[in-house]
Amino acid sequence: MNRKQIILLGYVLLLLLVMGCQSATINTYSDPSFNKNKITKVAVFPIRNTRLAPSESMQINRKIMQGINSKNPSIEIVSAQKALEILNQQKLADDWADFLEDYSISGFPNGEILFRIGDALGVDAIIQGEIVNMYQVDGRWGNNSGETRVTVRYTMLGVDSGKTLWEASSDGIKTTATTLGKAPALIEAINLAQDKIIQNLPF
């Protein structure tokens with residue numbers, strides 16, 4: 001093996017050490033009555049249950065909006081900041097918080113509250129993301145690699161029907177290439193899961 005080949009092999013090994021392993025899976029659900037042509041305006045709320053810096057949360061929210069726009073540029077999007085501003089002005093922020101709490105427990109949307117929120121925002125549907133599960137472990141020499149695993153879920157709620165129109169859950173897994181590394185940053189695993197969800201948006 002000549003010197004150039006040795007140098008090239010060294011670069012490849014270094015790249016593998018930096019990148020580690022990564023993967024993402026996806027599960028989706030669509031209500032039989034869902035018609036994407038009836039969705040002309042949506043509100044995208046901030047992703048919930050995160051331990052992220054404000055800039056990282058903004059990045060995640062921006063990515064999902066860009067994903068919707070790339071799938072269907074004609075859909076009007078109410079940003080998370082604007083949606084929350086409107087709810088605060090209309091004194092509906094507490095109602096939305098109660099709705100999310102009840103929905104996370106029961107799995108059934110409160111159609112009455114959903115209609116009021118949708119009417120205030122002037123949208124056909126609301127998209128809400130959340131981090132459902134989160135796991136991080138640092139690498140231990142000779143034992144295990146560093147790993148970060150998250151489950152990200154996005155739900156689209158129809159404000160007129162009061163139904164869950166569409167939902168997608170994705171597991172993002174990021175692992176270090178050796179047992180020497182710390183757990184990868186949470187945002188890296190979230191990005192893997194979110195990218196898979198964006199690929200499967202129903203628009």
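The values are calculated or read from the model by the stated rules, or taken from the named source; none is laboratory data. Small disclaimer: the values here were computed from a predicted structure and weren't measured. Because the Cβ atoms are built from the backbone with ideal geometry, glycine has one as well, and the counts that use them run over all protein chains shown.
Checking each residue in region 131-159 for being of a type in the set (D, E) and either crowded, with 20+ Cβ neighbours inside 10 Å or at pLDDT 95 or above (or both) picks out only E147. Within region 105-123, residues that are closer than 12 Å to S161 by Cα sit with their Cβ atoms under 7 Å from residues that are of a type in the set (G, A, S), at 6+ positions apart or across chains, in these pairs: P109/G162; G111/G162; L114/G162; F115/G162. Within region 20-64, the set of residues being part of a helix (DSSP H, G or I) and either of a type in the set (F, W, Y) or in contact (Cβ under 8 Å) with a residue 12 or more places away in the chain (or both) comprises K36, K38, E56, Q59, I60, N61, K63, I64.
When region 167-194 is limited to residues that are at pLDDT 95 or above and either among the basic types (K, R) or more than 17 Å from T50 (Cα to Cα) (or both), the one that is surrounded by the fewest Cβ atoms within 10 Å (Cβ to Cβ) turns out to be E167. Pairs linking a residue in region 174-189 that is free of Cβ contacts under 8 Å to residues at least 12 places away in the same chain and of a type outside the set (A, V, I, L, M, F, W, C) to a residue that is surrounded by fewer than 20 Cβ atoms within 10 Å (Cβ to Cβ) and not in a loop (DSSP other than H, G, I, E, B), with Cβ atoms under 6 Å and 6 or more positions apart or on different chains, do not occur. Among the residues of region 23-54, the ones that are closer than 21 Å to S74 by Cα, more than 15 Å from the chain's Cα centre (by Cα) and not polar (S, T, N, Q) come to 6 in all.
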